[in-house]
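S.K.: What follows is a structure written as structure tokens; I'll ask about it next.
The values are calculated or read from the model by the stated rules, or taken from the named source; none is laboratory data. Since we're looking at a predicted model, the values are computed, not measured. Every residue, glycine among them, receives a Cβ derived from its backbone with ideal geometry; neighbour counts consider all protein chains shown. To get the accessible areas, we keep the full protein, side chains included, count just its heavy atoms, and leave off ligands, DNA and RNA. Shrake-Rupley method; radii C 1.70, N 1.55, O 1.52, S 1.80 Å.
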Amino acid sequence: MNALAIIAPIFGIVLIGWAAALAGLLSDKVSDGLSEYVFAVAVPALIIATLTKPGMSGTVTWSYWVAYFGGAAISWFVGTLIARRRAGIERRGAILHGFAASQSNTVFVGVPMILQAYGEEGAFPLFMLLAVHLPLMMGSATFLIESDSGLPVLARIRGLALVLLRNPIFVALLIGMAMKGLGLAPVGIARSLIDAFAGTASTCALVALGAGLKRYRVLFDLKGALVIALLKNLLHPLAVWILAFHVFAMPAAYAGVATLFAAMPVGINAYLLAARYKTETGMVAASVLVSTLLAPLTTLAWLMLLGRA
């Protein structure tokens, strides 16, 4: 019942946003605007507000990173291998299949879900993982896709750095960690403003995700989308759970955050990358929808398992 109480508000808001979009109550313009607000203002404010809270501290050991990204690598490899065995999928498309199978929806679902489940205890490992997850996953996918483009390595690194420095969430993580390291914290009006924006992040993110689901079409390739969704919702967190709980030693909250982070549905960044390189766009879009629709059941199962850990 505790697990159900955690997921019901999260996916209930997603469902309401989806229903409102299908009914025409939320237009595509509203959905786009809300997504931009979440990405550019609300979540960056939440990151800075959380990282600069008094008492927000912790230590992240190498085993935490190996457990999460080791699980992501396993899911990515399996997804790519399955795609390479299917007819008509070229090299870039296979890489994107693997990327979708290991790229979690962190901003729209992961942050509100994990904060709801683990609270203050999970905030530090969550945001540390978020800080590394974005550049490492996007950077790896970009390098693999462009490895046959002929561009020099330095040019690819420079391009990736420019993309990250234009990303409000990545910039907010840098600012928050710098302020934390220097012992600085916003006070007075600045704190009130940041907290006000941060307080809107979860609800707005979930509504934006739900409204955006209307654009994705599940019938593009239901079988392929289901394979990616199952890899993302089940294999990825299973691999992380085994590594975090049974191979390495770390605090239970850290292991739980890593597992739940991995259990989130396919991230929208996978679709954006597919659209950028104009390959497997329909398949990746369908996998975003299918994995999000499966997520209430799979997340409930993972929360129940983590509750026994």
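S.K.: Per DSSP H run of at least 4 residues, take -39500 (n - 2.57); add these up for the chain, divide by its residues and hand me the 222 nm value, nearest 500 deg cm²/dmol.
M.R.: Numbers: 15 runs with 224 residues, N = 309.
Computed mean residue ellipticity for the chain: -23500 deg cm²/dmol.
S.K.: How big is the dipole moment of segment 1-159 about its Cα centre under a simple scheme where the beta carbon of each Lys and Arg is +1, that of each Asp and Glu is -1, and everything else is neutral? Debye, nearest 20, please.
M.R.: My answer is approximately 440 debye.
S.K.: Report the dimensions of segment 167-239 along its three principal axes from the alpha-carbon atoms, largest first, rounded to Å.
M.R.: 53, 30, 20
S.K.: Send over a whole-number figure in Å² for the accessible area per residue of segment 3-306, probe 1.4 Å. Could you put the intermediate results ahead of the total?
M.R.: Working: 13030 Å² over 304 residues.
Result: 43 Å² per residue.
S.K.: Cut-off 10 angstrom, C-alpha nodes, Gaussian network model of the chain. Which of 293, 136, 126 fluctuates the most?
M.R.: Evaluated over the chain, the most mobile residue of the options is 136.
S.K.: Right, here's the next one. How large a share of the accessible area of segment 3-306, in percent, is made up of carbon and sulfur atoms when the probe is 1.4 Å and the other protein chains stay in place?
M.R.: 71 percent
S.K.: Placing unit charges on C-beta atoms (Lys and Arg positive, Asp and Glu negative, everything else neutral), compute the dipole magnitude of the chain about its Cα centre in debye, rounded to 20. Don't jump to the answer; show the numbers that get you there.
M.R.: Values: 20 positive and 11 negative charges, 109 e Å.
The dipole magnitude comes to about 520 debye.
S.K.: Between 18, 83, 49, whose Cα lies farthest towards the positive end of the dipole of the chain when Lys and Arg beta carbons carry +1 and Asp and Glu beta carbons carry -1, centred on the Cα centre?
M.R.: Highest projection toward the positive end goes to 83.
S.K.: Charges on Cβ only, +1 for Lys and Arg, -1 for Asp and Glu, centred on the Cα centroid of the chain; of 58, 262, 177, which one is farthest towards the dipole's positive end?
M.R.: 262
S.K.: Which whole-number percent of Cα pairs in segment 3-306 have a distance greater than 29 Å? The partial results should precede the final answer.
M.R.: On the way: 15111 of 46056 pairs.
Roughly 33 percent, once rounded to a whole number.
S.K.: For segment 41-133, divide the Cα radius of gyration by the Kirkwood radius and give the resulting Rg/Rh value with two decimals.
M.R.: On the way: Rg = 16.5 Å, Rh = 15.1 Å.
Radius of gyration relative to Kirkwood radius: 1.09.
S.K.: Which order, highest average first, do 185-198, 33-46 follow once you tally other Cβ atoms within 10 Å for each residue and take the mean per peptide?
M.R.: Ranking, from highest mean packing down: 33-46, 185-198.
S.K.: Magnitude of the Cβ-charge dipole of segment 154-241, K/R +1 and D/E -1, about the Cα centre, nearest 20 debye?
M.R.: The dipole of segment 154-241 has a size of about 300 debye.
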